[in-house]
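These notes are about the structure you will find just below.
The values are calculated or read from the model by the stated rules, or taken from the named source; none is laboratory data. All of these numbers come straight from a predicted model, not from anything done at the bench. Every residue, glycine among them, receives a Cβ derived from its backbone with ideal geometry; neighbour counts consider all protein chains shown. These accessible areas exclude ligands, DNA and RNA; they are computed on the full protein's heavy atoms, side chains included. Shrake-Rupley method; radii C 1.70, N 1.55, O 1.52, S 1.80 Å.
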Amino acid sequence: IAKKRCRRATARNRIKRVVRESFRQQQGLLSGLDVVVMNQPAAATADNAELFASLDWHWQRCSKARTRGQDSNG
């Protein structure tokens with residue numbers, strides 16, 4: 001979580017906690033993937049529900065991209 005995009009340490013730590021919890025809840029969907037999360041400036045002002053919703057959408061995209069990649073390699 002970049003300090004450049006989220007100046008306050010408390011906000012950065014909150015975002016990191018939300019990302020970890022969201023990843024933990026979706027571990028089955030994301031098994032076998034290494035993930036790097038980069039924040040946008042709007043993440044600092046978003047509430048936890050908005051962050052969870054955004055992350056869920058991104059996890060779904062990652063999962064679909066992985067399954068498409070496996071289908072073409074198989």
Q: Scan (1) open to solvent by less than 50 Å² (accessible area, probe 1.4 Å); (2) basic (Lys, Arg); (3) at pLDDT below 90 for the single condition Arg12 breaks and write down its number.
A: (3)
Q: Give just the number: which of (1) modelled with pLDDT of 90 or more; (2) over 10 Å from the mean Cα position of the chain (by Cα); (3) open to solvent by less than 100 Å² (accessible area, probe 1.4 Å) does Thr67 not satisfy?
A: (1)
Q: Please identify the pairs in which a residue from region 36-55 that is assigned to a loop (DSSP other than H, G, I, E, B) has its Cβ atom under 8 Å from the Cβ atom of a residue that is surrounded by 15 or more Cβ atoms within 10 Å (Cβ to Cβ) and hydroxyl-bearing (Ser, Thr, Tyr), counting only partners at least 6 apart or on another chain.
A: Ala46/Ser54
Q | Subset of region 22-35 (residues that are part of a helix (DSSP H, G or I), touching a residue at least 24 places away in the same chain (Cβ under 8 Å) and not hydrophobic (A, V, I, L, M, F, W, C)) | A | Ser22
Q | Matching residues, region 40-74, being touching a helix residue (DSSP H, G or I) at 6+ places or on another chain (Cβ under 6 Å) and under 24 Å from Arg8 (Cβ atoms) | A | Ala43, Ala44, Asn48, Leu51, Phe52, Leu55
Q. So which residues in region 17-42 are farther than 30 Å from Gln70 by Cβ and either within 10 Å of the chain's Cα centre (by Cα) or of a type in the set (A, V, I, L, M) (or both), if there are any at all?
A. Ala42
Q) Any residue in region 43-64 that is surrounded by 13 or more Cβ atoms within 10 Å (Cβ to Cβ) and touching a Cys at 6+ places or on another chain (Cβ under 9 Å)? A) yes
Q. In the set Arg12, Arg7, which member is outside any helix (DSSP H, G or I) and out of contact with any Leu (no Cβ under 7 Å at 6 or more places or on another chain)?
A. Arg7
Q: Scan (1) exposed (fewer than 10 other Cβ atoms within 10 Å of the Cβ); (2) at pLDDT below 90; (3) under 18 Å from Ile1 (Cβ atoms) for the single condition Arg24 breaks and write down its number.
A: (2)
